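The values are calculated or read from the model by the stated rules, or taken from the named source; none is laboratory data. Note that the structure is predicted; figures quoted are calculated from it, not measured. Here Cβ is always computed from backbone atoms with ideal geometry, including for glycine, and neighbour counts include all displayed protein chains.
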Amino acid sequence: MQNFYLLLSVEPNATSEEIKKAFRNEIARYHPDKVQHLGKEFQEMAATRAAQLTEAYRTLTNPELRSEYDRLYAASTGVPAAASTAAYSPPSSRPPPVEPPHAHHETSTGAPPPPRFANEHATRDEFVRKATLGRLRQVLSAEYGEISESSTRGFHFDCTAKSKKLFGRGSGQRFAAKFVPRVDRAEIQDVWATAQKAGGQICVFLMGNGLAPTRELSEAIADMRKKSRGESGISLIPVDLRDWTAHVPADAPSVCKSVIQRLREPTGI
């Protein structure tokens, strides 16, 4: 039996208003408009998740249904739903959630999730990462045909596109991606160092659930270029995972801009 309190990331003694606020925050993640940039499989899973959230909301905001739910949960699991929030490991059958626009890793109060909800949020992040990488691979394969992936410390994804039509017989275009909680100056400095160690021409997508102000991003990238004395072949593009908003430098290679444009398109390419 599913734990509705964990599903909504609320405390067992949450009021109806707190549950309502949590529900609105969670359900927004799974609206069709917010997941259209992901694959059909994840869109279907998002629809399933939305139905589960709606059921949890209707149950926990109705005093009689909530009391009956608590009783049935305790009877079926041997522990009260409230007690099980302290040590919970999400089952593998849970549909993978996806992070759309305006989704943050916070509870309904705006604070970071408490430890008892850590597994729920960690699972969410992992599925978001897998969905995003699947979408990135799909776009690159559609754009260039052949990509060769490699494992590089500091990147979550690293590949080389080897389209002879676009790149001739050269080494091709290299793309890399890294996921961070939020893209800011510190994260830019860190991934830039990783890209420098990798060497060569490389387009890096630094992806997070939110971006620092545009000025901070621009200044951070400009500072790293200065420190590289113009010798770096790095093109760094901060990307907001929630809606594919990207800070694309004006001088970014056309191949990098093309990938961002394709990522923003609805699936079905």
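Quick one: is SER235 among the hydroxyl-bearing types (Ser, Thr, Tyr) and out of contact with any strand residue (DSSP E or B) (no Cβ under 9 Å at 6 or more places or on another chain)? Please lay out each step first, then the result.
Numbers: among the hydroxyl-bearing types (Ser, Thr, Tyr): yes; out of contact with any strand residue (DSSP E or B) (no Cβ under 9 Å at 6 or more places or on another chain): no.
Taking the combined requirement at face value, the residue does not satisfy it.
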First in the stretch 37-48 and modelled with pLDDT of 75 or more, second anywhere and crowded, with 16+ Cβ neighbours inside 10 Å and among the hydrophobic types (A, V, I, L, M, F, W, C), Cβ under 7 Å, 6 or more apart: GLN43/VAL35; ALA46/VAL35; ALA46/VAL98
Criterion (closer than 17 Å to LEU263 by Cα, hydrophobic (A, V, I, L, M, F, W, C) and either crowded, with 17+ Cβ neighbours inside 10 Å or at pLDDT 85 or above (or both)) met by exactly one of VAL191, VAL139: VAL139
Hits in the stretch 227-259 (condition: closer than 22 Å to ASP190 by Cα and either part of a helix (DSSP H, G or I) or touching a Phe, Trp or Tyr at 6+ places or on another chain (Cβ under 9 Å) (or both)): LYS227, SER228, SER232, ILE234, LEU236, ILE237, PRO238, VAL239, LEU241, ALA246, CYS256
Lone qualifier among PRO101, PRO90, PRO97 - being out of contact with any strand residue (DSSP E or B) (no Cβ under 7 Å at 6 or more places or on another chain), surrounded by 20 or more Cβ atoms within 10 Å (Cβ to Cβ) and at pLDDT below 50: PRO97
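Please work out if ASP223 is surrounded by fewer than 15 Cβ atoms within 10 Å (Cβ to Cβ), outside any loop (DSSP other than H, G, I, E, B) and at pLDDT 95 or above. Walk me through how you get there before you give the answer.
On the way: surrounded by fewer than 15 Cβ atoms within 10 Å (Cβ to Cβ): yes; outside any loop (DSSP other than H, G, I, E, B): yes; at pLDDT 95 or above: no.
No.
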Criterion (in a strand (DSSP E or B) and surrounded by 15 or more Cβ atoms within 10 Å (Cβ to Cβ)) met by exactly one of LEU217, LEU263, LEU206: LEU206
